[in-house]
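Have a look at the structure below, then the notes.
The values are calculated or read from the model by the stated rules, or taken from the named source; none is laboratory data. This one's a predicted model, so the numbers in the text were calculated from it and none came from an experiment. Here the Cβ is made from the backbone with ideal geometry for all residues, glycine too, and neighbour counts use every protein chain on show. Quick note on the areas: whole protein, heavy atoms, side chains included, nothing else; ligands and nucleic acids left out. Shrake-Rupley method; radii C 1.70, N 1.55, O 1.52, S 1.80 Å.
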Amino acid sequence: MTFTTLTPVAARPEIPAGPPKLNSRQLRTAQAETLDAPRLRYSLLARALFKSMDLAYGRTRTIVKFAMLEFIARVPYQAWERMGYLTLARRVFERIVESRADQDNEQWHLLILQDLVQRRGLRQSFLLHRLAPWLVAFFFYHVSWLLFVIRPEWSYRLNADFEDHAEHEYMAYVAEHPELETQPDPGSYAAQYGQYGSLADLLRQIGHDERTHKEGSLINMNAPRFHDSP
């Protein structure tokens, strides 16, 4: 009788759980930490992106402006996921899974913000709130992709700048609007994202998610590259 020897299959990495969900006390602590912490020293490209957002949507922090940020926030993870599929080397699958999870988290942010925009009856024009974000996202995607091809840490650093900016903007917005503390979380995506005691805590959680993404990008800046040997 002939026995066939089976080659062990490498274990599939677990799907990341995503950013941790914090309770109200932890969210307030996270907000205070963010507001006390200095912002990163943003690159010229990041500063140009933030300046263009201010010129298009104003310097004032608004829910509509956050929705535009979230529309753009997904694209670096999409670019990295694509690079993972194109690159056949070490840690490829792990990076794909990680990028997919982060991208999904940003997608929930976008859906939540768009829901808040609609509930508040805030106006959105085709030019500024449909076409312009798509064009910026298109540019940001290809810049993230190109930087990753040239030097991955540059792409990760650009995303860290973007996420640090978003983290501070969310936390500052909640501080500017104490009325959010008594406004309920609509819970439109509670089954997927969680239910919070107030709209303030919901936005704090999104801000903390951005911190987690930032920290992940900073870690990846110093991680081994795809072509490193096992």
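Rundown of residues vs (1) assigned to a helix (DSSP H, G or I); (2) more than 16 Å from Leu22 (Cβ to Cβ); (3) among the basic types (Lys, Arg), yes/no style:
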| site | (1), (2), (3) |
| --- | --- |
| His165 | yes, yes, no |
| Tyr173 | yes, yes, no |
| Glu179 | yes, yes, no |
| Pro184 | no, yes, no |
| Ala191 | yes, yes, no |
| Gly197 | no, no, no |
| Asp201 | yes, no, no |
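Tell me which residues, restricted to the range 117-135, are within 17 Å of the chain's Cα centre (by Cα) and open to solvent by 40 Å² or more (accessible area, probe 1.4 Å).
Answer for the range 117-135, where residues must be within 17 Å of the chain's Cα centre (by Cα) and open to solvent by 40 Å² or more (accessible area, probe 1.4 Å): just Trp134.
Might you let me know whether the range 127-142 holds any residue that is outside any helix (DSSP H, G or I) and either in contact with a Lys or Arg (Cβ under 9 Å, 6 or more places away or on another chain) or at pLDDT below 95 (or both)? Explain how you work it out, then say what you get.
Our first condition is that a residue be outside any helix (DSSP H, G or I); within the range 127-142, this holds for none.
No, every residue in the range 127-142 fails to be outside any helix (DSSP H, G or I) and either in contact with a Lys or Arg (Cβ under 9 Å, 6 or more places away or on another chain) or at pLDDT below 95 (or both).
Considering only the range 183-220, state which residues are of a type in the set (Val, Ile, Thr) and open to solvent by 50 Å² or more (accessible area, probe 1.4 Å).
Our first condition is that a residue be of a type in the set (Val, Ile, Thr); within the range 183-220, this holds for 206, 212, 219.
Ile219, the sole residue that qualifies.
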Checklist entry - Of Arg91, Arg95, Arg100, which residue is at pLDDT below 90, at positive phi and surrounded by 16 or more Cβ atoms within 10 Å (Cβ to Cβ)? => result Arg91
Checklist entry - If you take the residues in the range 138-177 that are touching a residue at least 40 places away in the same chain (Cβ under 8 Å) and among the charged types (D, E, K, R), which one is most open to solvent (accessible area, probe 1.4 Å)? => result Glu176
Item to check | Selection count where residues are loosely packed, with under 14 Cβ neighbours inside 10 Å and closer than 20 Å to Leu116 by Cβ, scope the range 26-58 | outcome: 1
Next on the checklist: Looking at (1) open to solvent by 90 Å² or more (accessible area, probe 1.4 Å); (2) farther than 20 Å from Asp104 by Cα, which one does Leu180 not meet, given that it meets all the others?
Outcome noted: (1)
